[in-house]
Each structure stands twice: as C-alpha cells, then as structure tokens.
Amino acid sequence: MNSIKLRDEYIKLGQALKAAGLVDDGVEAKYAVVDGEVEINGEVCTQRGKKLYAGDEFTYRGNTIKIEE
C-alpha cells in the first residue's frame, strides 16, 4: 500500500488521485470518481471534492492509497 502525506488538514479526492499518480489530470480524476470507480474506506464515492483526512484510504483500479499526516 502506498501513501500520500498531507501538507494541509485535508486533500480533496481528485487532487489525491493526481498526487498518487493514478490519473494524469483533473479530467481523468473527475470521470473516475463520477463513474463510481473510486472507493474511500471501502465505500464507493462519487463526490470528486470529497475531503480526505489522515487515516483515510482510497482505492482506484486495485491501488490502495493511505492518507498520512
């Protein structure tokens, strides 16, 4: 499992997908989320602007990323 370190209190899901290198740009991130391809803490999320905090995990195409402080 890979991780992303927070620079602020939270990171938005679309930004996290880009930071993890799972998508190339915001448009790709938008469609991945809207199409229901992303899970946060085991549940499908279709909200691109969803805020992720330390301890959260998201999964996209078999890749799980943990958010760390």
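The values are calculated or read from the model by the stated rules, or taken from the named source; none is laboratory data. Every value quoted in this text rests on a predicted model; they were computed, and no experiment measured them. Here the Cβ positions follow ideal geometry from the backbone for every residue, glycine too, while neighbour counts run over all protein chains shown. What goes into the accessible areas is simple: the full protein's heavy atoms, side chains included, and nothing from ligands, DNA or RNA. Shrake-Rupley method; radii C 1.70, N 1.55, O 1.52, S 1.80 Å.
A few notes on this one:
- Label point distance in nm, Glu68-Glu9, each placed 7 Å from Cα along Cα→Cβ: 2.3
- For Leu17, Leu22, the ranking by accessible surface with the largest value first comes to Leu22, Leu17, using a 1.4 Å probe.
- Other residues within the sphere of radius under 9 Å centred on the Cβ of Ile40, judged by their own Cβ, net out at -3 (K and R +1, D and E -1).
- Considering only the chain, percent of DSSP beta bridges that pair antiparallel, nearest 5: 75
- Split the accessible area of the chain by element, probe 1.4 Å, and carbon with sulfur accounts for 38%.
- Taking all protein chains as they are arranged and a probe of 1.4 Å, the heavy atoms of Lys30 leave approximately 90 Å² accessible to solvent.
- The relative contact order of the range 1-45, computed from alpha carbon pairs under 8 Å that lie at least 6 residues apart in sequence, is 23 percent.
- Modelled this way, with points 7 Å down the Cα-to-C-beta line, the labels at Glu39 and Lys51 are 2.5 nm from one another.
- In the complete set of protein chains, residue-level accessible area for Glu68 is approximately 60 Å², probe 1.4 angstrom.
- With contributions of -39500 (n - 2.57) from each DSSP H run of at least four residues, the per-residue ellipticity at 222 nm computed over the chain stands at -6000 deg cm²/dmol.
- Rg over Rh [alpha-carbon atoms, Kirkwood Rh] for the chain: 0.91
- With protein chains left intact and a 1.4 Å probe, residues in the chain average 64 Å² of accessible area per residue.
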